[in-house]
Every structure is written in C-alpha cells, then in structure tokens.
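Coordinate-derived values only; no laboratory data. What you see is a predicted model, and the numbers here were worked out from it, not measured in a lab. Note that each Cβ is placed from the backbone with ideal geometry, even for glycine, and that neighbours are counted across all protein chains shown.
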Amino acid sequence: MSLLVIGSVAFDAIETPFGKTDKIVGGAATYASLAASYFCDSVKIVGVVGDDFPQDEIDDFGRHHIDTEGLQIIEGEKSFFWSGKYHNDMNSRDTLITELNVLGSFDPIIPESYQDCEFLMLGNLSPQVQQTVINRLKNRPKLVVMDTMNFWMDVALDDLLATIKMVDVLAINDAEARQLSGEFSLVKAAHKILSMGPKYLIIKKGEHGALLFSDGLIFSAPALPLAEVFDPTGAGDTFAGGFIGYLAKVGTVNFNNMKNAIIYGSALASFCVEKFGTEKLRNLTQQEIAARVQQFVSLSEFKII
C-alpha cells in the first residue's frame with residue numbers, strides 16, 4: 001500500500017566521541033523514507049531542498065523505490081543545514097549551527113499522483129505545515145502518524161494541539177510526553193495525551209526502548225544493547241519510518257500489528273546508529289533485518305516454569 005512521507009531533506013554535520021563528518025545527507029524524511037522502503041514498495045516523499053542538493057542523492061532515493069516527484073528543488077537557494085556535537089553519553093547533544101534556508105518558507109505541494117496514499121507519515125515540521133498536508137489530501141489516509149518535538153510545544157502549542165486532534169498516532173520521546181501532559185508518570189501522561197485525540201501513542205525512550213499505548217492497552221518494546229553507537233542522529237525518524245513502513249506492508253491497523261511495527265522500527269533504528277548518517281540504511285538486506293528482528297524477539301522471550 002502507498003505511503004507518503006513528509007519532512008526535511010537536509011544536510012547534517014555531526015561530531016560524536018567516535019569521530020566527525022563534513023556535510024552529509026540527513027533530514028527526517030530521508031531517514032524515514034529509507035527505512036520504510038525496506039517494507040513498502042510505494043514510498044512517496046514530500047520535502048524541499050536547494051539547488052545545492054546533489055542529483056546523485058536524489059537518484060539514490062529512486063534506487064530505493066522512493067518517488068521524488070514531491071521533492072521541490074528551489075533554484076538559487078540552499079538546503080536546510082544542521083550541525084551538532086554529541087556528548088560522551090550519546091544521549092545529549094549541543095546544536096552548533098541551524099540554517100533553515102529553504103525549509104523556512106516550505107509550502108508542501110502534494111502531487112496528484114500522491115493523492116491515493118493510504119498511509120501518511122508527518123515528520124517533525126511545524127504543526128501548521130503538518131495540518132496543511134492533511135488538508136491538501138483529497139481523501140483521509142487509513143493511518144496518519146505524527147512526529148513532533150518540545151520546540152513546537154514551546155512556541156506553537158495551540159497549533160500543535162489542533163494538529164494532534166487530526167492524527168491517529170503520535171510519536172514523541174519521554175521528556176516530550178511529560179512536557180505535553182504535565183504528568184511525570186508516563187502511564188498518566190499517556191492517558192492524558194490520548195484524550196487529546198490520537199488513538200495510539202508511542203513514547204520513545206532511546207536506549208531504553210519504546211512504549212505503545214492505546215485505550216487501556218500497553219506494550220513495552222526493548223532496546224537492543226549495542227556494543228558501539230556511532231551516531232544517534234536520525235534514529236527516531238528511522239524508527240518512525242520502519243514502523244509505518246511495516247504497517248503499510250501488512251495493510252491492517254490493529255494493536256497487534258502496531259506491536260510488531262514497533263519491533264521492526266526499533267530494528268531499523270538499531271542499524272541506523274551503527275554508522276554515521278544514513279550510511280548503514282543504504283544497503284541492508286532482508287536477511288539482516290530478519291536476523292535483527294529475531295534478536296529483539298529473543299530479548300523478551302521467556303517461559304515461567
């Protein structure tokens with residue numbers, strides 16, 4: 001089934017305790033669409049770049065069966081650029097440079113060929129832009145998944161709350177869940193956030209896994225212990241892409257399939273952090289993904305005697 005991904009397509013410059021990069025390709029839509037492409041063979045992307053974005057990178061989307069008709073290229077302008085430095089714990093980071101460039105005036109145009117999308121992934125953009133995408137689709141998708149962050153809670157809370165009412169799944173991290181709800185307990189936070197409109201809530205906990213909530217149901221997914229984490233950038237977007245990509249593959253939305261999707265999203269995210277940027281996501285095999293998923297299953301599989 002067809003999947004539409006909207007978000008940033010950008011350049012990043014990253015420094016971690018394991019090394020540093022010059023400008024490399026990143027952005028929420030990049031990570032999410034690459035992850036989703038391993039499950040869904042009809043991924044369509046909406047984003048914006050400047051004329052500094054390399055054509056061979058756009059061609060690489062095509063090699064992953066990602067439709068780029070909705071990728072706007074603005075002549076004479078530069079692509080969004082972010083630079084950051086991670087601390088030794090790899091959980092916290094300092095933003096060194098943020099240049100919005102073309103993203104500052106991004107107006108998402110939905111091509112006619114995208115109007116039949118059945119699954120929609122709203123990457124972390126302003127709530128107003130996310131609303132615009134939903135409103136510009138002639139038919140509501142079967143499932144709308146939304147990512148956001150604390151910045152929008154600080155500067156655009158009313159718009160954010162209005163957008164949350166329009167989606168089926170909200171994905172945020174534990175700190176953002178506490179901020180949005182005003183509750184420290186994640187169970188209480190989830191109950192309050194679900195009352196804001198979404199049917200499902202995903203709370204990402206980084207190296208501690210993820211939680212899925214829906215109408216009294218809770219699923220706790222583990223995180224895979226890794227010997228080395230080179231770069232956490234894009235892990236959350238990769239998780240979201242794997243999550244919705246799996247659901248688009250199976251086509252049926254229910255809590256059990258959501259649980260499976262959480263594991264598949266977590267598996268893709270665990271690959272992402274093993275190399276800088278999108279490097280590890282470019283050439284995975286289905287055998288590698290299946291083996292990684294089985295590792296996740298083994299983490300929680302036990303018998304009580």
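Ratio to report: Rg/Rh of the stretch 3-300, with Cα atoms as the point set and Rh obtained by the Kirkwood method; give two decimals.
Details: Rg = 17.7 Å, Rh = 19.0 Å.
My calculation puts Rg/Rh at 0.93.
Within the stretch 101-136, find all residues whose amide N lies under 11 Å from a label point positioned 7 Å from the Cα of Ala162 along Cα-to-beta-carbon.
It comes to 127-129, 131-132, nothing else.
Cα centroid distance between the stretch 146-211 and the stretch 46-66, in Å?
Rounded to whole Å, the Cα centres lie 31 Å apart.
Tell me, what ³J(HN,Hα) does each residue in the stretch 91-108 have, in order and in whole Hz, if you take phi through Karplus 6.51 cos²θ - 1.76 cosθ + 1.60 with θ = phi - 60° and put x for Gly and Pro?
The phi angles translate into 9, 10, 8, 10, 7, 9, 9, 10, 10, 4, 6, 5, 5, x, 10, 5, 10, x Hz.
Under 20 Å from a point 7 Å along the Cα-to-Cβ line of Asp22: which residues of the stretch 66-89 have their amide N that close?
78-85
How far is it, in nm, from the label point at Lys205 to the one at Arg93 when both lie 7 Å from their Cα along the line to the Cβ?
2.2 nm
Run down the lysines and flag those whose C-alpha is under 23 Å from the C-alpha of Lys138, throwing out any fewer than 8 positions away in its chain.
Straight-distance partners of Lys138: Lys44, Lys165, Lys199, Lys249.
Convert each backbone phi in the stretch 282-288 into a coupling constant with the Karplus relation 6.51 cos²θ - 1.76 cosθ + 1.60 (shift: θ = phi - 60°), then list the ³J(HN,Hα) values in order as whole Hz, x for Gly and Pro.
6, 9, 6, 10, 5, 5, 5
Restricting to DSSP loop positions (anything but H, G, I, E, B) with no more than 15 other Cβ atoms inside 10 Å of their own Cβ, which trypsin sites (Lys or Arg not before Pro) remain in the stretch 144-188?
Of the trypsin sites (Lys or Arg not before Pro), the ones in loops of the stretch 144-188 whose Cβ has at most 15 other Cβ atoms within 10 Å are Lys165.
On full extension of the chain, what length is gained from Glu279 through His191, given 0.36 nm per residue of separation minus the C-alpha to C-alpha distance?
Here the answer is 27.9 nm.
Can you tell me the relative contact order of the stretch 3-300? Whole percent, Cα pairs under 8 Å, sequence separation 6 or more.
This gives 18 percent for the stretch 3-300.
So how far, in whole Å, is the C-alpha centre of the stretch 10-43 from the one of the stretch 228-262?
15 Å
Could you order peptides 101-111, 279-289 by the average number of other Cβ atoms within 10 Å of their residues, highest first?
Result, highest mean first: 101-111, 279-289.
Could you please report the charge total around Leu299, scoring K, R as +1 and D, E as -1 over all other residues with beta-carbon less than 15 angstrom from its beta-carbon?
Summing Lys and Arg as +1 and Asp and Glu as -1 gives +2.
Considering only DSSP beta bridges where both residues belong to the stretch 3-300, give the percentage that are antiparallel (nearest 5). Intermediate values should be presented prior to the final figure.
Working: 20 of 52 bridges.
Rounded to the nearest five, the antiparallel share is 40 percent.
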